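See below for the structure under consideration.
The values are calculated or read from the model by the stated rules, or taken from the named source; none is laboratory data. What you are looking at is a predicted structure, and each value in this text was computed from that prediction instead of being measured. Virtual Cβ from ideal backbone geometry, glycine too; neighbours counted across all protein chains shown. Note: areas computed on protein heavy atoms with side chains; ligands, DNA, RNA excluded. Shrake-Rupley method; radii C 1.70, N 1.55, O 1.52, S 1.80 Å.
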Amino acid sequence: MKVVISGFYGLGNTGDEAILESIVDNLRAELDNPEITVFSLSPIETAKTHNVKSVYRGWRHENKEKIRALRKADLLISGGGGLLQDTYPTKIIFGPLPYYLLIVLLAKLCGTKVMFFSQGIGPVNTKYGKLLMKVFANLADLITVRDEYSKELLHKLGVIRPKSIVTSDIVFGFVPKEDRACLDSLPLSEEDMKRVVSVSVRPWFGRTEHYSEMADILDRLLEEKDVIPVFVPMEGHHDVKASNLVIEKMKNKNKVHVLDGNFTPNQYLDFIGRSRLTIGMRLHSLIFATLKGVPHIGISYDKKVESLLKRSGMWDYSFRLEEVDTIKLVNNAKEILDNHNQFSTAVSQNANELRSEAIRNVDLLREYFVK
């Protein structure tokens, strides 16, 4: 079977690279010798890392190669992740929403079937975005989404022709490999990891309040529970910068560590899995924690984060970005740290269910598209 995968690949985002690795690994595990081509902003690196064919994803060049790959393919996989949204500036053909839907249109014009794969839909707020979704998303042959909210939003947007099935984020199907690279890069021992709180912060449209809030939270946990905060930058230099903005505001800045922004998804996963608690903004930092049975507190800037936290069982201990109560969050963290095994067991049980649903994405692909 020949498959083209379209997504936010080759841009250094840990979550999206984890999505790609998980899709590729699971396709190879479940299909008979699939031929895989990935549209990537860094095609040489993507081809080398995943042992696939790769074509430049942007419109500036290699458009003939895109069309050629789609004509040869049996299936276009669009996903996973939050591709179909207009949070970021959207123009006629630029921005996430028009880009990914134009790839879908190209595939259909080439006679290739399309599956939206483990996607998180939205937000879609503009009139243009809603029109694009109603016209082009209905071209898909099958849609799987990672949460109930995404399915409901699709129906509100008038995407009703292809069947929509709720599964879970395909990263829950990620196959972890032991890799101590992150731990070995820090002056920490295995014993120290029992005190480590993994922290994920990100920039968010010019907002700065969360940097001060996180600084206060970590200072309190340092003083009251003797934790070791380690920042895990899930999107390279963007998150390294955000992490440093938090540290600048801390009283105990000399007791904090920041991982390099160039580790692989599996290496970050390995590190988060060794920590005692994760406090995270990035969705996939929380997915990594869930995968490894690590209790976590999320700070939700988007419905996709809230949906995940409800499914992992940690929403009651988490907060929306604009509603963070630093004292209550610290108390929640202390309760989790004091009852770690209880929380870890509950998270692990939920992770098992989410993993089964993630693998179902590939089962459905095989059911609908493999003859």
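At 0.36 nm per residue, and after removing the present C-alpha to C-alpha distance, how many nm does the segment from ASP226 to GLU65 gain when stretched out fully? Each step should come with its number before you reach the end.
Details: separation 161, 0.36 × 161 = 57.96 nm, distance 5.51 nm.
Contour length minus the Cα-Cα distance gives 52.4 nm.
If you add up the charges near ASP192, with Lys and Arg at +1 and Asp and Glu at -1, over every other residue whose beta carbon is less than 15 angstrom from its beta carbon, what do you get?
Taking every Cβ under 15 Å from that of ASP192, the sum is +3.
I need the per residue convex hull volume for region 22-71, using only the alpha carbons, in cubic angstrom as a whole number.
Details: hull volume 3.7 nm³, N = 50.
Taking only Cα atoms, region 22-71 has a hull volume of 75 Å³ per residue.
How big is the gap, in Å, between the Cα center of region 74-108 and the Cα center of region 164-188?
Cα centres, region 74-108 to region 164-188: 26 Å.
How many angstrom separate the Cα center of region 322-342 from the Cα center of region 1-51?
Using only Cα atoms, the two centres lie 37 Å from each other.
What translational diffusion coefficient, in µm²/s and rounded to a whole number, does the Stokes-Einstein relation yield for the chain at 25 °C and a viscosity of 0.890 mPa s, taking the hydrodynamic radius as the Kirkwood radius over Cα pairs? Display every interim value, and only then the final one.
Numbers: Rh = 21.0 Å.
In µm²/s, the coefficient is 117.
Once you have the Cα-Cα distance between LYS194 and ASP179, take 0.36 nm times their residue separation minus that, and quote the gain in nm to one decimal. Walk me through the intermediate numbers first.
On the way: separation 15, 0.36 × 15 = 5.40 nm, distance 1.77 nm.
Gain on stretching LYS194 to ASP179: 3.6 nm.
Using the alpha carbons of region 34-142, what is the convex hull volume per residue in cubic angstrom, as a whole number?
105
Grab the DSSP H runs of the chain that are 4 residues or longer, score each as -39,500 (n - 2.57), total them, divide by all residues and round the 222 nm result to the nearest 500 deg cm²/dmol. List each step's numbers first, then the result.
Numbers: 14 runs with 174 residues, N = 371.
Computed ellipticity for the chain at 222 nm equals -14500 deg cm²/dmol.
I need the peptides 50-62, 175-187 ranked by packing, meaning the mean over residues of other C-beta atoms within 10 angstrom, with the highest value on top. Intermediate results must be reported in sequence, preceding the final value.
Working: 50-62: 16.9, 175-187: 13.3.
Per-residue mean Cβ counts within 10 Å order the peptides as 50-62, 175-187.
Can you give the net charge of the other residues whose Cβ lies under 10 Å from the Cβ of THR49, counting K and R as +1 and D and E as -1?
Values: positive: LYS48; negative: GLU17, GLU21, GLU45.
Summing Lys/Arg as +1 and Asp/Glu as -1 gives -2.
How big, in percent, is the set of alpha carbon pairs in region 4-43 lying more than 16 Å apart?
Numbers: 250 of 780 pairs.
Result: 32 percent of Cα pairs exceed 16 Å.
Counting Lys +1, Arg +1, Asp -1, Glu -1, what net charge surrounds LEU83 among other residues with beta carbon under 13 Å of its beta carbon? Show your work: numbers first, answer last.
Details: positive: ARG57, ARG146, LYS304; negative: ASP16, ASP86, ASP169.
Computed value for this residue: 0.
I want to check the label-to-label distance for LYS134 and ILE92. Put each point 7 Å from Cα in the C-beta direction and report it in nm to one decimal.
Roughly 2.2 nm, to one decimal.
Which three lengths, in whole Å and largest first, does region 136-238 cover when its Cα atoms are put on their principal axes?
55, 36, 26
May I ask you to derive the relative contact order of the chain, considering only C-alpha pairs under 8 Å and at least 6 residues apart, and to give it as an integer percent? All intermediate terms of the calculation are to be shown ahead of the outcome.
On the way: 732 pairs, mean separation 55.2, N = 371.
Averaging sequence separation for qualifying contacts and normalising by length gives 15 percent for the chain.
Which percent of the accessible heavy-atom area of the chain goes to carbon and sulfur, probe 1.4 angstrom?
Details: 7670 of 15780 Å².
Carbon plus sulfur share of accessible area: 49 percent.
Taking one equal scatterer on every alpha-carbon of region 178-291, how large is log10 of I(q)/I(0) by Debye at q = 0.14, 0.16, 0.24 1/Å?
Treating every Cα as an identical point scatterer, log10 I(q)/I(0) equals -0.50, -0.66, -1.54.
Alpha carbons only, please: Rg and Dmax for region 225-371, in angstrom.
Cα-based Rg and Dmax for region 225-371 come out at 16.5, 62 Å.
Taking 0.36 nm per residue of sequence separation and subtracting the Cα-Cα distance, how much length would be gained by fully extending the chain between ASP25 and LEU105, in nm to one decimal?
Values: separation 80, 0.36 × 80 = 28.80 nm, distance 2.66 nm.
Difference between extended and current length: 26.1 nm.
Can you compute the equivalent ellipsoid semi-axes for region 70-132, i.e. the square root of 5 times each eigenvalue of the Cα gyration tensor, sorted largest first and rounded to whole Å? Could you put the intermediate results ahead of the total?
On the way: eigenvalues 94, 34, 13 Å².
Whole-Å semi-axes of the equivalent ellipsoid: 22, 13, 8.
For region 74-132, which chymotrypsin sites (Phe, Trp or Tyr not before Pro) pass both filters: DSSP loop (anything but H, G, I, E, B) and at most 14 other C-beta atoms within 10 Å?
Values: sites: PHE94, TYR99, TYR100, PHE116, PHE117, TYR128; in loops: PHE94.
Loop-located and lightly packed - PHE94.
What number, in nm² with one decimal, is the all-direction average of the projected area of the convex hull of the alpha-carbon atoms of region 82-211? Kindly include the intermediate steps, with their values, before the conclusion.
Numbers: hull surface 46.6 nm².
Result: 11.6 nm².
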